[in-house]
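These notes concern the structure reproduced below.
Readers should treat all values here as calculations from the given coordinates under stated rules, not as data from a laboratory. Just so we're clear, the structure is a prediction, and the values are computed from it rather than from any experiment. Using ideal geometry, Cβ is built from the backbone for each residue, glycine included, and neighbour counts are taken over all protein chains shown.
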Amino acid sequence: MIQSMTGFGKHVLQLPTKKITVELKSLNSKSLDLNARMPQAYREKELELRKLIASALGRGKIDFNLYVEITGDETSSEVNEAVVKQYIKQLRAIADGDDLRLMEMALRLPDTLKTERDDIDPEEYRAIVESLKMALNEIEKFRSEEGKILEGDFASRLKKLHQLLKEVNGLDEERLNAIRSRLEKAVTDIKAEVDANRFEQELIYYLEKLDITEEKVRLENHLNYFEETMASADSNGKKLGFISQEIGREINTIGSKANYAPMQQLVVQMKDELEKIKEQMLNVL
């Protein structure tokens, strides 16, 4: 079963005095690239949340956002009156202005707000973890749905590759006969005396070098292995990528040995189908 690395998940948690939104977005990447954004008060839990996300999603460029909106009377900041009064006193000594104007200026200066850092409430944190798990379920569902689309595309292109390989098989005898005829005509055209037995031996040796039987068998095996891996329980994009490389190797070898235009045209079509598979492979988990 194929899973895409592209996905999105979101869950909103409403607490008595807070609205907490957990959001996850995932794109393709060769490894796990996790970027986390959250309020400073929750940073002590960042490592635990990262581990949970990494364990669930495995790979991809992942953006994790934790938004907190205060909806009640709760606040962790208050005006530092002593500091503000001292700023106003100093400003009055160097500039003219009414108290309101001086207060506006003072509040822009450092340390005018004092923040009390409270420990995260255990119940609130448990609720956040549950919200994260729900968002992870959403993104995994999204990835699975995208994976089904990719799997359908791969199946279609593999079917086309099987068909093209069948056509290559059908052309192979014709190709070898055409090469033999071409070489015999070349010898006839130079009007030179040749030893028939020696010429036949050299011809057989040359045709053996152009034989593609092994490449065709290996290509068929690689295509079947790709399909088996695609149907396995786990999504394994890296393994499918390695198999794609082997498929490409066999197609290239057939192309280099073909020495026959109709077969080389089939090879070009095979390369085109494989290239499209490789492009989509970048999105597979």
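Listing Leu150, Leu32 from fewest to most neighbouring C-beta atoms within 10 Å gives Leu32, Leu150.
Annotation for Lys18 and Lys160: the two label points, set 7 Å from Cα along the Cα-Cβ direction, are 5.2 nm apart. Taking each residue as 0.36 nm, the span from Asn169 to Phe242 lengthens on full extension beyond its C-alpha to C-alpha distance by 23.8 nm. Here the sum of -39500 (n - 2.57) over DSSP H runs of 4 or more residues, divided by the residues of the chain, equals -22000 deg cm²/dmol at 222 nm, to the nearest 500. Ranked by how many other Cβ atoms sit within 10 Å of their own Cβ, fewest first, the residues Phe8, Phe64 fall in the order Phe8, Phe64. You can think of it this way: the chain between Ile70 and Ala231 has 53.2 nm of extra reach, that is 0.36 nm per residue less the Cα-Cα gap. Here the spin labels are modelled as points 7 Å beyond Cα on the Cα-Cβ line, and at Ala261 and Asp119 they lie 8.3 nm apart.
Taking the Cβ of each residue in Lys209, Lys159 as the centre, tally the other Cβ atoms inside 10 Å and list the residues starting with the fewest.
Sorted ascending by nearby Cβ count, the order is Lys209, Lys159.
With the simple spin-label model, which puts each label point 7 Å out from Cα in the Cβ direction, the Gln201 to Arg249 separation comes to 3.4 nm.
Which residue, Glu48, Glu23, Glu138, tops the fluctuation ranking in a GNM of the chain built on C-alpha contacts under 10 Å? Largest GNM mean-square fluctuation: Glu48.
The distance linking the range 16-81 with the range 260-285 is 42 Å (Cα centroid to Cα centroid, whole angstrom). Consider all pairwise Cα distances in the chain and report the whole-number % of them above 25 Å. Everything past 25 Å amounts to 67 percent. If R0 equals 45 Å, the separation of the Cβ atoms of Arg50 and Gln86 corresponds to a calculated FRET efficiency of about 0.60.
Subtracting the Cα-Cα distance of Ser31 and Glu275 from 0.36 nm times their residue separation leaves 85.7 nm of extension gain. With an a/c value of 1.5 or above and a/b larger than b/c for the gyration tensor axes a ≥ b ≥ c computed over the alpha-carbon atoms, the range 145-281 is described as prolate.
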